[in-house]
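Take a look at the structure set out below.
Quick note: the coordinates plus some simple rules give every number you see, no bench work behind them. Everything quoted here is computed from the prediction, not taken from an experiment. Backbone-built Cβ (ideal geometry, glycine too); neighbour counts: all protein chains shown.
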Amino acid sequence: MKTIITTLLLLLSLSAHASGGDVKLESADIDLSDTASLERGAKHYVTYCLGCHAAKHIRYKRIALDLHLDESEILKNVAPQGAGIYDQMHSAMNGHDAEKWFGTTPPDLSLIARSRGADWLYSYLKGFYADKSKPTGVNNLVFKDVAMPNVFWQQQGTQTAVIKNIDGHDVVAELKLEQPGQMSPKEFDHMVNDLVNFLVYVGEPVQLERQAMGKYVLFFLLMIIALAYLLKKEYWKDVH
């Protein structure tokens, strides 16, 4: 019993660490039925993320089908130049160069929303702040000492950390927008939310179909249970 309890506590602590630790995460507004948001998120991913991060578990053809868009529209407005409709979302950067420049190979983000969670991603992408001690010039509130640069610095602007001493330790209490970017904070929030919405979709493109089918499966099971109960009563009615 002690071993079981210890294991459960360890799993809970690891889960809390993966979700952002002591950092309070912001809530992402995920709506996979909002195809306009998913299309905008796909555009943002290709523009800002695909240069380093692949999403090879999804093809442009599948995106076109799920978002009810023409293949030509996906190739023109979403996919990078030269991509084919049946191509996976491959990064243009090879692993050798990535490791040389950043110290590690940027991960494929096909399943990042399933492993980290939408709120973690949303908070992470908004959590970059200036830190001159880091090679990239930035740090992150959710992912301390992150190697990734802030690819949204032009849109978001420059954030600085407000440091407070708590129990003898310097901690980041909040982030302050020091220099505004090209977007207002509200516009930037919408942009990041669309991107996270798209990553949640990529993690499980059939999620809406699965949820819709689940209702019918539950109804079928309830019907089977009801029939089994009536049959049991019929068999045992004469048994005393």
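Pairs Lys100/Lys126; Lys134/Lys176; Lys24/Lys186; Lys144/Lys176; Lys61/Lys100: which exceed 24 Å Cα-Cα?
Details: Lys100/Lys126 26 Å; Lys134/Lys176 19 Å; Lys24/Lys186 19 Å; Lys144/Lys176 17 Å; Lys61/Lys100 33 Å.
Exceeds cut-off: Lys100/Lys126; Lys61/Lys100.
If we sort 219-227, 122-130, 34-42, 73-81 on the protection proxy, mean other Cβ atoms within 10 Å, highest first, what's the order?
Values: 219-227: 10.0, 122-130: 23.1, 34-42: 19.3, 73-81: 15.7.
Per-residue Cβ counts within 10 Å, averaged per peptide and sorted highest first, yield 122-130, 34-42, 73-81, 219-227.
Take the chain, connect every pair of alpha-carbon atoms lying under 10 Å apart with a spring to form a Gaussian network, then pick out the residue of Val151, Val142, Val46 with the largest mean-square fluctuation.
Judging by the Gaussian network model, the answer is Val151.
(i) 7, 33, 40, 19, 1, 0; (ii) 7, 24, 28, 20, 10, 6, 3, 2, 0; (iii) 7, 29, 30, 21, 9, 3, 0: which one is P(r) over Cα pairs in 10 Å bins from 0, in percent as calculated from this entry?
(ii)
What list of ³J(HN,Hα) couplings, whole Hz, do you get for the stretch 36-46 from phi and the Karplus terms 6.51, -1.76, 1.60, once you set θ to phi - 60° and write x for glycine and proline?
5, 5, 5, 5, 4, x, 4, 4, 4, 5, 5
Using a Gaussian network model of the chain whose springs link C-alpha atoms within less than 10 Å, name the residue from His96, His53, His190 with the highest mean-square fluctuation.
His96
What's the exposure ranking of Asp31, Asp119, Asp87, going from fewest to most Cβ atoms within 10 Å? Intermediate results must be reported in sequence, preceding the final value.
Details: Asp31 12, Asp119 18, Asp87 15.
Ordered from fewest to most neighbouring Cβ atoms within 10 Å, Asp31, Asp119, Asp87 come out as Asp31, Asp87, Asp119.
From the backbone phi of the stretch 144-153, what are the Karplus-calculated ³J(HN,Hα) couplings (6.51 cos²θ - 1.76 cosθ + 1.60, θ = phi - 60°) in whole Hz, Gly and Pro given as x?
5, 6, 5, 8, 6, x, 7, 6, 9, 5
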